[in-house]
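Okay, structure first, notes after.
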Amino acid sequence: MLKHPMLKYLKEEGPYGPRLPLILCPGCGAGQVLNFTLHAVDSIIEEGGAKKEDFVFISGVGCSSRLTSHYLNFDSAWTIHGRSLAIATGALLANPGLNIVVFTGDGDAAAIGGNHFIHAFRRNINVTVICMNNGLYGMTGGQVAPTTLSQAITSTTPYGNIEDAFDLCRLAQTSGASYVARWTTAHPLKATKAIKKAIGKKGASFIEILSQCPVHKKETPVDMIRALKAMTVPIKKAEGSDKIPVGEFCDTPRPEWTEKYETIIEKCTARRS
Amino acid sequence: MNRIFINTDYCKGCLICVECCPKKALKASSAISAKGYTLPEPHNPEKCNGCGMCEIVCPDFAIAVEKEDKAV
């Protein structure tokens, strides 16, 4: 039987038996985002843009962060909650040539890791952050998150959320990210293309992918994907629309942090000798 | 003709592939799998143009399309 082409990048067997199928619930958007990312990474490797050894995948804690070291056949680290960007900074300092991809959820990035999130983009470190935003805390029981849309029903807001949601793309853009884009799991080809472009960029890039949590929202995955398509609008037509804009928010290269650090090292060693 | 393979061990029956197939070459099976899921199955497999959309959208890496060799 023919196997899925991306299974070559996954560990199907582990020391304690089979690791697949994924631990995620049926129809979870996180599995789809992993699939998009592997397609993007595969096309970069096929085109000779980078080697498999150059990639490092880092994640924190959450449903989406289960995707790295347990399943991926790349160098990867499954780290502490919200601090995946701090660990990515350390990995990049140790080896500035790495292509670091950080998988994070909306709770991991915007709630507990909010400060790491804004400062990583302020420093413009060379990482690609892929945020799977399902608008709630999935792993702990579907509670309200900073990214939950206004009026949305979750297990802790049964009468509708009274708060407004964080716009993570605007936050990353104003913090100083080099490349920011938002897509949904209903836009698989555009999301894959954006991830590929983001990995190729020097500096901090942020991709937010709105995804579905069919279990806590108590809807079918197909209905949720249709709803994601209906609630978004391309960023060029977003003026005056109350829908969520999707597309490229910014593509403005800035000096990268490790490069600036290298020039300081060179300056100091030259002065000493 | 392109052939569609569904890995019944990995598939969790979310049916996103059925929704996203541009040629409607997949449908939900009427049978329930050993794990209790409603799996997709090929429906008019001659309609499949081998675009690979089902492979990209699958959250569980459970579907694969063998493309027909155009030279043959």
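Here are a few things to note about the model shown:
- Residue in segment B:61-70 that is surrounded by 18 or more Cβ atoms within 10 Å (Cβ to Cβ) and part of a loop (DSSP other than H, G, I, E, B) present: yes
- Of the residues making up segment B:49-60, one or more are more than 10 Å from chain A (Cβ to nearest Cβ), open to solvent by less than 40 Å² (accessible area, probe 1.4 Å) and either at positive phi or in contact with a Phe, Trp or Tyr (Cβ under 9 Å, 6 or more places away or on another chain) (or both).
- Some residue of segment B:24-33 being among the basic types (Lys, Arg) and in contact (Cβ under 8 Å) with a residue 24 or more places away in the chain: no
- Here the condition is being in contact (Cβ under 8 Å) with a residue 24 or more places away in the chain, farther than 30 Å from A:Gly114 by Cβ, touching a Lys or Arg at 6+ places or on another chain (Cβ under 7 Å) and within 8 Å of chain B (Cβ to nearest Cβ); of A:Pro26, A:Pro5, A:Pro21, it holds for A:Pro26 alone.
- Whichever residue in segment B:1-32 is open to solvent by less than 30 Å² (accessible area, probe 1.4 Å) and not hydrophobic (A, V, I, L, M, F, W, C) and, among such residues, is farthest from the other protein chains (Cβ to nearest Cβ): B:Ser29
- Residue match in segment A:186-199 (condition: more than 14 Å from every other protein chain (Cβ to nearest Cβ), part of a loop (DSSP other than H, G, I, E, B) and crowded, with 22+ Cβ neighbours inside 10 Å): no
- For A:Ile112: the one exception among (1) aliphatic (A, V, I, L, M); (2) touching a Gly at 6+ places or on another chain (Cβ under 9 Å); (3) within 23 Å of A:Glu256 (Cα to Cα): (3)
- In segment A:207-230, the residue that is farthest from A:Lys190 (Cα to Cα) out of those that are open to solvent by less than 20 Å² (accessible area, probe 1.4 Å), more than 9 Å from chain B (Cβ to nearest Cβ) and not hydrophobic (A, V, I, L, M, F, W, C) is A:Gln212.
- Selection within segment A:8-18 - more than 11 Å from chain B (Cβ to nearest Cβ) and open to solvent by less than 50 Å² (accessible area, probe 1.4 Å): A:Gly14, A:Gly17
The values are calculated or read from the model by the stated rules, or taken from the named source; none is laboratory data. Values in this document were obtained by computation on a predicted structure and should not be read as measured data. Neighbour counts run over all protein chains shown; Cβ positions are idealised from the backbone, glycine included. In case anyone asks, the SASA skips ligands and DNA or RNA and just uses the protein heavy atoms, side chains included. Shrake-Rupley method; radii C 1.70, N 1.55, O 1.52, S 1.80 Å.
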